[in-house]
1. Quick check on region 15-171: take the gyration tensor over C-alpha atoms, sort the square-rooted eigenvalues as a ≥ b ≥ c, and tell me if it's rounded (a/c under 1.5), prolate or oblate.
2. In Å, what Rg and Dmax follow from the Cα atoms of region 339-387?
3. Among 178, 92, which comes first, then next, by fewest other beta-carbon atoms within 10 Å?
4. With the crude spin-label approximation of a point 7 Å out along Cα→Cβ, what separation in nm comes out for residue 425 versus residue 272?
5. As a test of the formula, what do you get for the chain when each DSSP H run with n ≥ 4 contributes -39,500 (n - 2.57) and the sum is divided by the residue count, at 222 nm and rounded to the nearest 500 deg cm²/dmol?
6. Out of all Cα-Cα pairs in region 148-194, roughly what percent, to the nearest whole number, are more than 16 Å apart?
7. How big is Rg to Rh over region 113-165, alpha-carbon atoms, Rh as the Kirkwood inverse-mean-distance radius?
8. Quick one: what are the phi-derived ³J(HN,Hα) couplings along region 231-241, Karplus 6.51/-1.76/1.60 with θ = phi - 60°, whole Hz, x for glycine and proline?
Amino acid sequence: MVIGGQVLNGCGLTLGYLAIPLFTEVVPKDKRPVIQGFSGIVAGAASLLGPVIQGVFIERELGGALEGWRVGFYLSAAFYATSFVLLAMFYHPVARPNEAGESISTRVMHIDWFGIFLVAAGLVLFLVGLQYGGNPYSWTSAMVLSTLIVGAVLLVVFGVWEWKGTTTGLFVHDLFNHRNFTLGLVLNFVSGIVLFGGQAYLPQEIAALFTTDAIMAGVYNIPFNSMSIVGGFGGGIIMGITKEAKSLVVGSFVLLLIGSGLMAVMEPHINFAAWFFPTALLGCGVGAQAAIITVVISLCTPNKYIATALTLGASVRALGGSIGIVIFGQIFNSKVTNTLYPKLGRAVVAAGLPTDQVETFLTMVASGQTNALQSIPGVTGKVLEVFQSTYVSGLADCYRFIWYAITPFSAVTLIMSFFLLSTKAQMTRQVAAGVER
């Protein structure tokens with residue numbers, strides 16, 4: 001049931017990327033930054049309030065004991081239904097050019113289904129291999145090697161197919177006539193590694209180092225989410241006035257670089273103010289670059305390909321995020337297994353735990369059964385006290401390596417952003433596709 005629901009969620013969220021070209025194509029090019037900034041406010045407000053509201057549902061057990069989490073999904077379903085009705089009633093775009101007079105079924109057949117198969121199969125296999133490597137299978141096992149190799153081969157075939165096999169594939173060749181589009185895709189990919197990878201571990205770090213209270217976890221997410229609104233809207237307004245994107249993109253990646261560097265020095269039990277500053281920098285950088293790079297891609301794209309270009313940019317960002325999450329997960333798990341657990345074992349033995357109980361102790365910790373540790377023979381109050389302090393500080397050290405890994409990616413994107421071309425000449429009053437009413 002969960003897998004089926006997530007499959008449907010994935011399809012729906014992917015189609016939701018079409019909202020970006022939807023509002024981009026109906027306004028003049030010089031107004032796109034402002035509109036993108038306003039859209040960032042809406043999305044950011046949802047990201048800001050969502051975790052807190054869901055935390056209240058869970059904490060108050062709305063709907064019954066252990067049932068509060070369901071209410072958030074019910075609320076999301078209501079929002080999705082409302083969006084569907086509003087789009088059906090009020091969005092009426094003009095008919096798209098169809099010089100050849102092709103039917104809808106004919107145009108559907110022109111979709112690069114072979115390319116979709118290659119990239120989907122290749123990514124799934126490659127990411128599964130990365131995920132399984134080291135845990136639960138060794139990197140040299142047939143399971144890991146076969147998925148990695150076959151996945152990599154399929155991705156190489158996909159690249160060759162898009163380059164030489166077709167001119168109307170997922171990567172339409174005409175899109176690459178302007179340097180900013182190519183750079184925009186690369187920046188989206190690398191920044192996706194940073195953004196999604198970092199965002200995936202922020203909630204985990206909050207729960208491990210600061211609080212497991214559902215409401216307070218939402219509060220700890222406020223700096224990141226609120227400043228992403230400020231970054232997106234502020235960046236859109238500034239670009240609308242100056243008509244230049246390069247300095248804004250550079251500035252956003254400077255914020256990401258500083259923020260990720262500061263996150264690497266976080267310690268358990270620091271005060272909220274110390275947590276606020278680096279996460280606020282990260283949020284501001286995320287909001288600004290996400291909004292501005294989207295506008296940059298839309299400005300250098302032929303009008304008839306605007307939906308393709310923007311959804312491609314969003315997909316490439318998500319692809320980078322998928323890879324980033326797996327990479328950082330491997331780094332974290334490796335540090336937990338090879339550094340934290342040995343350190344923990346030495347600490348509890350020094351506190352008085354019999355050596356023949358260490359393996360049982362660590363197994364229960366790894367499986368999340370920390371509340372049952374006192375049932376192990378030889379576990380005393382002192383052992384539990386030492387375990388708690390060592391475990392939390394050790395987790396902080398493990399999370400630190402994720403931010404160490406994110407920092408070079410931030411530096412790479414910062415350097416690449418200097419090669420963006422001016423957008424001033426592209427900021428015209430042209431509208432890509434109007435609406436009938």
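1. Here region 15-171 falls in the oblate category.
2. My reading of the Cα-based Rg and Dmax gives 9.3, 25 Å.
3. The order, fewest Cβ neighbours first, is 92, 178.
4. So the two model labels end up 5.1 nm from each other.
5. So the helix-based figure for the chain works out to -24000 deg cm²/dmol.
6. 55
7. Using Cα coordinates only, the ratio equals 1.08.
8. Rounded to whole hertz, the list is x, x, 5, x, x, x, 5, 5, 5, x, 7.
Read-outs throughout are calculated quantities, based only on the coordinates presented, and are distinct from any laboratory measurement. These numbers were taken from a predicted model, which means no experiment stands behind them. Cβ sites come from the backbone with ideal geometry, for glycine too, and all protein chains shown count toward neighbours.
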